[in-house]
Amino acid sequence: MRDDAPTEARAAERLAHHLLEEAYRDLAAVLRGVDARAAAGLFHAIEARTADALRAIVAEGSEGTASTRIARDAGNALSDLFEDAHRQAGIPAPRRVA
């Protein structure tokens, strides 16, 4: 294994995360323009599923002793993304997932 492999893997994760954030914002804006009611329902479902997944990580301890911190940090980052995408698209703001 190369010495720089972990660093490259982290960089790839950051890039993927950034691209998914941008795609989510774009998708929210497009869907809002097509059908605001359907967009709001779809994003509510996505955000509810996200909250359920984070709660399961905590309940199951699937990330070990850091499960709660990891879920909280991920939830905060996702909540910020959701709020920003909603604001830009003019969709009512979601409840925080974390």
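The values are calculated or read from the model by the stated rules, or taken from the named source; none is laboratory data. All values reported here derive from a predicted model rather than from experimental measurement. FYI the Cβ positions are ideal-geometry reconstructions off the backbone, even for glycines, and counts take in every protein chain you see. Note: accessible area is taken over every heavy atom of the protein model, side chains too, but ligands, DNA and RNA are not part of it. Shrake-Rupley method; radii C 1.70, N 1.55, O 1.52, S 1.80 Å.
List the number of the failed condition for residue 62; all other conditions in (1) closer than 24 Å to residue 89 by Cβ; (2) open to solvent by 50 Å² or more (accessible area, probe 1.4 Å); (3) at pLDDT 90 or above hold.
(1)
Go through the range 31-50 and count every residue that is within 18 Å of residue 87 (Cα to Cα), open to solvent by 90 Å² or more (accessible area, probe 1.4 Å) and free of Cβ contacts under 8 Å to residues at least 40 places away in the same chain.
Here the count works out to 2.
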